[in-house]
1. Could you list, ordered by first residue, the pairs with Cβ atoms under 7 Å in which the first is in region 336-359 and at positive phi and the second is surrounded by fewer than 20 Cβ atoms within 10 Å (Cβ to Cβ), at least 6 apart or interchain?
2. From Pro403, Pro384, which residue is under 30 Å from Gly134 (Cα atoms), surrounded by 15 or more Cβ atoms within 10 Å (Cβ to Cβ) and either more than 27 Å from the chain's Cα centre (by Cα) or not aliphatic (A, V, I, L, M) (or both)?
3. Ala597: touching a His at 6+ places or on another chain (Cβ under 6 Å) and either within 26 Å of Leu290 (Cβ to Cβ) or in a helix (DSSP H, G or I) (or both), yes or no?
4. Scan region 241-263 and tell me whether some residue there is among the aliphatic types (A, V, I, L, M), part of a loop (DSSP other than H, G, I, E, B), modelled with pLDDT under 90 and surrounded by 20 or more Cβ atoms within 10 Å (Cβ to Cβ).
5. Are any residues in region 165-187 more than 15 Å from Ile59 (Cα to Cα) and either modelled with pLDDT of 90 or more or not hydroxyl-bearing (Ser, Thr, Tyr) (or both), and if so, which ones?
6. If I ask for residues that are within 20 Å of Pro506 (Cβ to Cβ) and without any contact (Cβ under 8 Å) to a residue 60 or more places away in the chain, which ones from region 536-549 would you list?
7. I need the full set of residues from region 502-518 which are of a type outside the set (D, E, K, R), within 31 Å of the chain's Cα centre (by Cα) and in a strand (DSSP E or B), in order please.
8. Looking at (1) aliphatic (A, V, I, L, M); (2) touching a residue at least 24 places away in the same chain (Cβ under 8 Å); (3) in contact with a helix residue (DSSP H, G or I) (Cβ under 7 Å, 6 or more places away or on another chain), can you tell me which one Val125 breaks?
Amino acid sequence: MKISNANIAVNKKGASAPSKINDVCFSGKNGTQETQHVFIESNKLNERWTASSLPSFHIGETGFGAGLNFLVAAQQFITFRKNHPASQLSQLYFFSTEKYPLTKADLKTTLALWPELATLSESLVALYPMPLSGLHRIHLFANQVVLDLWLGDATEGFTHAHAHQEGRIDAWFLDDFAPSNNESMWQPSFFKQIKRLSRNEATFATLATTEIVKQGFKDVGFALQKRKGLATKPEMLVGSLTLEKNEQVTPRQTPVFHRHPPTAGTESLKQQHVAIIGGGIAAAICALKLIRAGKKVSLFCADKTLAQGASGNEQGGFYPQLNAEAGIASQIHAHSFLYARQFYDQLLLEGYCFGHQWCGVLQLCFSDSVTARYQNMMRKQTWPQSLVDWVEPEQASSIANLPITSPSLYLPLGGWLSPPDLVSACIDAAGKGDFNLYLQHRLVSIVETESQLEKQLIFKHLEDNSEATVDTTADVVVLACGAESHLLSGLDLPFRMTRGQVERVPTNTSLSGLSTVLCHKGYMTPAHNEHHAMGSTYVKNDMNTEYRESEGELNLRMHQQALNNTSWSNKLALNKAVSDDNLSHDLPDNDLRGRAAIRCSLPDHLPVVGAFPLIEKQKTELGELYKAKADDYYPIPSVQSNVYLLTGLGSRGLTTAPLMAEILVSQLCSAPLPLDNRLLNAINPNRFVVRDLIRRR
């Protein structure tokens, strides 16, 4: 949900303080030297980076402020990489919290104090998130540095942050706000979370030296030392955490929703071969992210070409599903949307092309009940105005460049994309790495090899109507097969299969001016290749994908009614042509009228991302969930080793696929996950059996 920005004041020396906390954030032009002494040197970062044999290093911070500590650490890490190109250490993760984030304008002004950081600062400012609470993942500097920025209370952020069994943080940068000025921090719960997130041999550095700070660190097992501080604060505190071999740390994860990393064999995790089953947006984005994580990837698609299922529509609307209350689903959609926009923009910057327009989205108040719901959302100010705003008909008409008779919600960062183009762009980018594509390969079964460290995959090769089978092996399997998910053997999840038909409406003189995406019960896009996408129907449990004229008429009437039968909407006409051999994409039967596809979703309208659950075993293992005992009472439930799910995205794949793929790839790489545990648990594949067991169903 929306949070408050800081109001900062910069004094003559360049020092800054937020109005809500009476303490100095940084000391002007000397800030970089202070960061170097207090955090970089005190945590011995350069020495540790040089000695590291791990692929990544992880810094945790309280008080992101203007990002000075982050930028100095990032600059030094980039320099380290240039000086040590053969080092296995290739990525820096920086997890920071900020309760009162600067506005983007204040951030830009403040960072101008350090021209030596100008290049890095520009990248940070460009991707700096809006004031939306929660975790924002930002990829910077050719993905050498990943910033996980939690906007909100530090203790809350740490409490809900995901950590693998080995912990998350190697070094802590802890701000020096006095306990009297920041009572919500420096509490026992804060120190408990510092330990939960810390890896063995983690260190910290801080200028805060009060007794409450010292005692807090001692109580959770840190060994402390004093060190020379700064002129204004001559003493500082450093410390390290050494865990005993069998020491029990507060559970890093909720056992019931444990996120299993792959079981590694003789090969390291980085060298693993991952087989992806699927051919749509989720599969393509996952393949690209795995390639960029250093994996070998094979993509197996059952169709003759990619993007033949729900990812085959020429245009799709891109916007989040928001509600008046910032519930779990709305939070997931909001963060997915912002992350997806970052991902798509980066792909475009790299020179990969796909049809799109960042033209905004108008969600029309097409009925009294919808108007009341949208008004309630805006009255509560749940979401930042930069994410969604209220516009009256006159302003909506100006945005759409066509008469709109109802007020609307406006999402300026939204628009439309071409899913087949996007899939092609991701596959082209993945092709720069160790990537292979296999078409007309339908998965028959996954078999354990004798070593149980590899999976044998058996496929039907569908070329020329052949019934021949082929097989291959992989270390990890990702099932991203959309509407085929309900056919997967042993996967007892409540998938909902829904037919959706989208029309290809030819543009005309009045319609060609449409300059934004219009949404109501359906949607309509600006023209692309002289046609508009208009949809969509929702027919449950119908697996037929033939075009139906009756649904075309339904889409047309629905759209005209939502637009109050304006003169321009009444001029809409369905395309009566049946086929065209020159279509830009391989639509089924080259049907110019439109196309139908099957969407795969779940009852809670959230995706499924994580390890393949062994449902029957879990029912036994978690049979006492209804007793509501402490988390650590319950075992880690059984899953099919090294088999993972990325499915159930429904009609929201353009919005959710990039972040869902990032979550899964991070899990496969044992890297930090980019959502907090509450949201991660809501997309865990075993969530339905857990709910049923709690309710004794």
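1. Matching pairs, first to second residue: none at all.
2. On the way: Pro403 fails: under 30 Å from Gly134 (Cα atoms).
That would be Pro384, the only listed residue that is under 30 Å from Gly134 (Cα atoms), surrounded by 15 or more Cβ atoms within 10 Å (Cβ to Cβ) and either more than 27 Å from the chain's Cα centre (by Cα) or not aliphatic (A, V, I, L, M) (or both).
3. Numbers: touching a His at 6+ places or on another chain (Cβ under 6 Å): no; either within 26 Å of Leu290 (Cβ to Cβ) or in a helix (DSSP H, G or I) (or both): yes.
No; evaluated as a whole, the condition is false for this residue.
4. no
5. Step one: filter region 165-187 for residues more than 15 Å from Ile59 (Cα to Cα), giving 165, 176-187.
Gln165, Asp176, Phe177, Ala178, Pro179, Asn181, Asn182, Glu183, Met185, Trp186, Gln187, listed by residue number.
6. To start, the set of residues in region 536-549 that are within 20 Å of Pro506 (Cβ to Cβ) comprises 536-537, 547-549.
Scanning region 536-549 gives Thr537, Tyr547, Arg548, Glu549.
7. First pass over region 502-518, keeping only residues of a type outside the set (D, E, K, R): 502, 505-518.
This time we only want the ones that are within 31 Å of the chain's Cα centre (by Cα), so: 502, 514-518.
Result: Val502, Val517, Leu518.
8. Single failed check for Val125: (2).
The values are calculated or read from the model by the stated rules, or taken from the named source; none is laboratory data. A quick note: this is a predicted structure, and the numbers were derived from the prediction, not measured. Don't worry about glycine lacking a Cβ; one is built from the backbone with ideal geometry, like all the others, and counts go over all protein chains shown.
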